[in-house]
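Worksheet: the structure to be examined is printed underneath.
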Amino acid sequence: MRLTEFLLAGVVGWTALGVVGIGVSWLRGERARVRRGTAWLAAVWVVYLSVLIAVSLGQKQRVVAVGQPQCFDEMCFTVTGVEEVKGFMVRDGRRLVRVTVRVTNRGRSAQSERLIQVYLTDAQGRRWEESAGVNGVGLATKVGGGASVVSEPIFNVAGDATDLRLVLTHGWKQPGLLVIGDSDSVLHRKTVVELGR
């Protein structure tokens, strides 16, 4: 667990205690304490969220090379290759791009990164989601402790797409959204893998 994750846990824990204290003061009819406690809670969250947004906007986008792992706790994802899939009938000049990703569990017991999502972007800022139904092993597959599997997500991209980049994210329904400096935090530029295509 990183220091910023401990900080978020501390702020959330402090908030929970504060809410309990405010509830007790309200039951006792201590309106001045309720107002003071509420003001403190609001001030702490305003400061925390301001720092979160300032860091998100100020940090440079992290760019990962092919072959370099991205780890989320014990689970690591390493792009090992990218290729265009030939021989498929794709309309409108589109093309199929297959990305090979090695998923490694550094832990001792079987687990998965169940919230992981993947998409491609290009130089024009366009975005392509993983094509459903054409992939074998998914990125969220459970992997045994100390083991690896290979996942090959496929993307149906525009024919004129250049400077393709792969993004691995947990989306917005996860705690990293409020972790200062996390690639998945509010307004932060996502970490990308440059695919050289």
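The values are calculated or read from the model by the stated rules, or taken from the named source; none is laboratory data. Worth saying up front: this structure is predicted, and the values here are computed from it rather than measured. Don't worry about glycine lacking a Cβ; one is built from the backbone with ideal geometry, like all the others, and counts go over all protein chains shown. Just the protein is used for accessible areas: all its heavy atoms, side chains included, with ligands, DNA and RNA removed. Shrake-Rupley method; radii C 1.70, N 1.55, O 1.52, S 1.80 Å.
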Open item on the list: I'd like the orientation of helix 3-27 relative to the chain: the angle between its Cα long axis and the longest Cα principal axis, in ° from 0 to 90, rounded to 10.
Closed with: 40 degrees
TODO: Would you look at the GNM of the chain, springs on alpha carbons closer than 10 Å, and say which of Arg31, Arg62, Arg127 moves the most?
DONE: Arg31
Task: In the chain, lysine pairs closer than 25 Å at Cα, eight or more apart or cross-chain - done: 5
Task: Probe 1.4 Å, protein heavy atoms only - accessible area per residue of region 18-167 in square angstrom - done: 60 Å²
Task: Given charges at Cβ of Lys, Arg, Asp, Glu: the chain dipole, positive-most of Trp40, Val118, Gly93 - done: Trp40
Open item on the list: Among Thr162, Val137, Val179, whose Cα projects farthest towards the positive end of the dipole of the chain, with charges put on the beta-carbon of Lys, Arg (+1) and Asp, Glu (-1)?
Closed with: Val179
TODO: Starting from 0 in steps of 5 Å, tell me what percent of the Cα-Cα pairs of region 87-192 lands in each bin.
DONE: 2, 11, 18, 20, 19, 16, 8, 4, 1, 0
- [ ] Treating each Cα of region 38-134 as an identical point scatterer and ignoring solvent, apply the Debye formula and state log10 I(q)/I(0) at q = 0.14, 0.15, 0.23 Å⁻¹.
- [x] -0.82, -0.90, -1.28
TODO: Taking every pair of alpha-carbon atoms in the chain, give the share separated by more than 31 Å as a whole percent.
DONE: 35 percent
- [ ] Set the Förster radius R0 to 45 Å, insert the Cβ-Cβ distance between Ala65 and Arg36 as r into 1/(1 + (r/R0)^6), and round the FRET efficiency to 0.05.
- [x] 0.30
TODO: Between Ser109 and Glu129, with labels modelled 7 Å along Cα→Cβ, what's the label distance in nm to one decimal, could you check?
DONE: 3.3 nm
Open item on the list: Between Leu41, Leu164, Leu17, where does the largest GNM mean-square fluctuation fall for the chain, given springs only between Cα atoms within less than 10 Å?
Closed with: Leu17
- [ ] Keeping the other protein chains in place, figure out the carbon and sulfur percent of the accessible area of the chain, with a 1.4 Å probe.
- [x] 58 percent
Open item on the list: So if I place +1 on the C-beta of Lys and Arg and -1 on the C-beta of Asp and Glu, and nothing else carries charge, what would the dipole magnitude of the chain be about its Cα centre? I want it in debye, nearest 20.
Closed with: 580 debye
Open item on the list: Under 19 Å from a point placed 7 Å out from the Cα of Val167 along the Cα-to-Cβ direction: which residues of region 41-65 have their backbone N that close?
Closed with: 53-65
